[in-house]
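First up is the structure itself, then whatever we jot down about it.
Every number in this text was worked out from the coordinates using simple rules, so none of it is lab data. Computed from a predicted structure; not experimentally measured. Cβ placement follows ideal geometry from the backbone for every residue including glycine, while neighbour counts extend to all protein chains displayed.
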Amino acid sequence: MMSATLDQIQTGVQFLSADEAVKKIPKAASIMVGGFGFPGMPRHLSRALVEQTDIDELTLIMNSLGSVSTLNALFEQNRIKKVIGSFFSTNKDLVKAYREGKVEIELLPQGTLTEAIRLGGAGIPAFFTPTAAGTDLAKGKETRVINGREHVLEHSLTADVAIIRAHKADKAGNLVYRKTAQNFNPAMATAAKLTIVEVDEIVEIGELNPDEIMTPFIFVDIVVKREEV
Amino acid sequence: MSGSVKHYIAWRCAQELQSGVVNLGIGIPTLVADYLPKGLVTLHSENGILGVGPEPDPNEFVVDPESIELVNASGVQPITALPHASYFDSSLSFTIMRGGHLDATVIGALQVSETGDLASWAVPGKDVLGVGGAMDLVIGAKRVIAAMSHLSPKGEPKILPECTYPLTAKNRVDTIVTEYAVFKFREGRMYLVEMVDEISLEQLKEMTPASYEVAEDLKVVKRESIGDPVLV
C-alpha cells in the first residue's frame with residue numbers, strides 16, 4: 001500500500017497573495033463570487049480584482065449584492081457584462097448600470113441558483129424544479145408536469161473562476177467554514193475551473209480533522225491568506 | 001400601518017405555530033419570533049442555520065463586515081444560535097425548504113388570491129431585480145401563512161379574486177392573517193375563520209373582493225392589545 005510522510009505530500013494547491021491570485025483570472029471570465037451578505041464574502045479577493053486587474057466583459061454569478069459592496073467599482077468602470085443571481089434590488093450602482101443598459105441581469109430564485117451551482121459542479125447539466133412554476137421567472141423556460149405538479153427546466157451553472165472564502169485551509173488546500181459564512185462557498189468551489197479561496201488561517205496538514213473538512217482540496221486551486229488591512 | 005397593528009398580526013400568526021420548524025420572512029414575519037413558544041418552535045434561516053436565537057445586545061456587539069460570521073437572511077443583521085443549532089451551506093438550506101421539510105413559513109404578501117396564489121416579490125412597472133428565497137420557501141413549506149395588512153397603504157384591497165401583481169407561487173397559501181381577519185384554505189376553497197369585532201361581516205366583505213365562505217365556527221375576537229385578544 002502507498003504511504004506518504006508529511007513532507008512528501010504535494011497536492012498542487014498554490015499559496016499566493018491576493019494580488020498574485022487575481023492576475024490568474026482571464027479577460028471576459030465568468031466568475032462565481034461566494035457570500036450571503038457579509039459572511040462568506042471574499043472581500044480581499046474582490047478588492048484585489050477591482051484594484052489589481054483591468055479585466056472586463058466579466059459575468060458575475062453570485063447570490064446578491066448589498067447596498068455596499070467591494071465589487072461596486074466594477075459597475076462604475078463598465079467591467080461587468082452580465083450578473084446572474086437572486087437579489088440585486090438594493091445595490092444602486094448595479095441598478096443604475098442596468099437601467100442604462102450596460103449590464104444584463106439574469107434573476108434566479110435563490111434555491112434554483114444554489115442547486116444550479118451544485119449540479120454544475122456535479123456534472124449534471126439541467127434539472128426540473130417546482131420553484132417558480134407559473135411565475136414570470138419561468139417565462140420562456142421548458143416546463144413539465146411530473147407527479148401531477150408543474151416543474152421548470154433550469155440549466156446548471158459552471159464558471160471559469162470561483163472566488164470564495166473559508167475560515168481555515170490546511171497546507172494541502174482542504175477547507176473548513178464557520179457558521180453562516182458557508183452559504184454558497186462550498187458549492188461554488190466545485191463548479192469552477194479555477195477556484196481561489198481566501199482564508200483567515202492556514203494550518204499544517206494533519207491539523208484539520210478529516211471528519212470536519214467541508215471542501216476537500218481537489219476542488220481548490222489557490223489559497224490566499226487574508227492579511228490585516 | 002401602525003406598530004401595534006404589525007405586532008397584532010405577528011402575534012396572531014404565532015398562535016398558528018405551536019411546534020415544529022419554521023422560516024420567518026422579512027417584515028412583519030420577523031416580529032413573529034417574539035411571540036413563539038420558547039423551545040417548541042425552532043427557526044430556520046435560509047442563509048444556513050437551523051436554531052436561530054435572538055439578536056445579540058447591540059451595545060456589546062459591533063458588526064465588522066470583515067469578520068462577522070453569524071447573521072440572519074438579511075445578510076447583515078447579527079443573530080445568536082440556540083444550543084441545538086446547526087450550520088450548513090445553501091444547498092442543504094434549500095433542501096430543507098424546497099424539499100418539504102419545513103413545517104411552516106410566515107411570509108409577507110402584497111396580494112393573495114381566492115385560490116391561494118401569492119404575490120410577494122414584484123410590483124408591475126418597476127424594475128424587478130430581486131427575488132431571493134421566497135419562491136423556494138413557499139413552494140416547499142408544509143404550511144404557508146401570509147402575514148399582511150388587509151389593505152395596501154393606498155387603501156386598495158389585497159385579498160382578490162386573482163392577483164394582479166407577479167406571482168411568487170400558485171395555490172400555496174394555507175392561511176391569511178390580517179389585522180381584521182384570518183382566512184384558511186380548505187380543499188381549494190377560502191374560508192373566513194376569524195374576525196375582529198370592530199367591523200361587520202359586510203364591512204369585511206367590502207375590503208375583501210375575493211370570494212370566500214364564512215366558516216360555521218367563525219370566531220369573533222376583540223383586538224384589544226397584543227397577546228390578549230378576548231373571545232366575545
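Using a cut-off of 10 Å between beta-carbons, work out the net charge of the residues near A:Ile222 (Lys and Arg +1, Asp and Glu -1, A:Ile222 not included). Before the final figure, lay out the partial values.
Working: positive: A:Lys24; negative: A:Glu20, A:Glu198, A:Asp221.
Its environment carries a net charge of -2.
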Neighbour counts of other C-beta atoms within 10 Å: give me B:Tyr87, B:Tyr35, A:Tyr177 arranged from fewest to most.
B:Tyr35, B:Tyr87, A:Tyr177
Taking H placed 1.01 Å from N in the peptide plane, check which residues at least 5 places from B:Ala169 or on another chain put their amide H under 5 Å from its amide H.
B:Leu118
Looking only at aspartates and glutamates whose Cα falls under 17 Å of A:Lys96's and that sit 8 or more positions away or on another chain, we get A:Glu76, A:Glu104, A:Glu106, B:Asp127
In a shell of Cβ-Cβ distance under 10 Å around B:Ala104, excluding B:Ala104 itself, what net charge do Lys and Arg (+1) and Asp and Glu (-1) give?
-1
Of A:Ala162, A:Ala122, A:Ala191, which is the most mobile in a GNM of chain A whose springs link Cα atoms less than 10 angstrom apart?
A:Ala122
Here the net charge surrounding A:Ala29, from other residues whose Cβ is less than 14 Å away from its Cβ (Lys, Arg +1; Asp, Glu -1), is +2
Placing +1 at every Lys and Arg Cβ and -1 at every Asp and Glu Cβ, with all other atoms neutral, what dipole size does chain B have around its Cα centre, in debye to the nearest 20?
480
Yeah, chain A with a ≥ b ≥ c from its alpha-carbon gyration tensor (a/c under 1.5 is rounded, else prolate when a/b outruns b/c, oblate otherwise) is oblate
For a 25 Å ceiling on Cα separation, which of these pairs sit above it: A:Lys27/B:Lys126; A:Lys23/A:Lys141; A:Lys24/A:Lys92; A:Lys27/A:Lys102; A:Lys82/B:Lys142; A:Lys139/B:Lys154?
A:Lys27/B:Lys126; A:Lys23/A:Lys141; A:Lys24/A:Lys92; A:Lys82/B:Lys142; A:Lys139/B:Lys154
Would you work out the charge dipole size for the stretch A:81-173 about its Cα centre, treating the Cβ of every Lys and Arg as +1 and the Cβ of every Asp and Glu as -1, and quote it to the nearest 20 debye?
260
At a 10 Å Cβ-Cβ cut-off, how would you order A:His167, B:His150, A:His44, A:His155, fewest neighbours first?
A:His155, A:His167, B:His150, A:His44
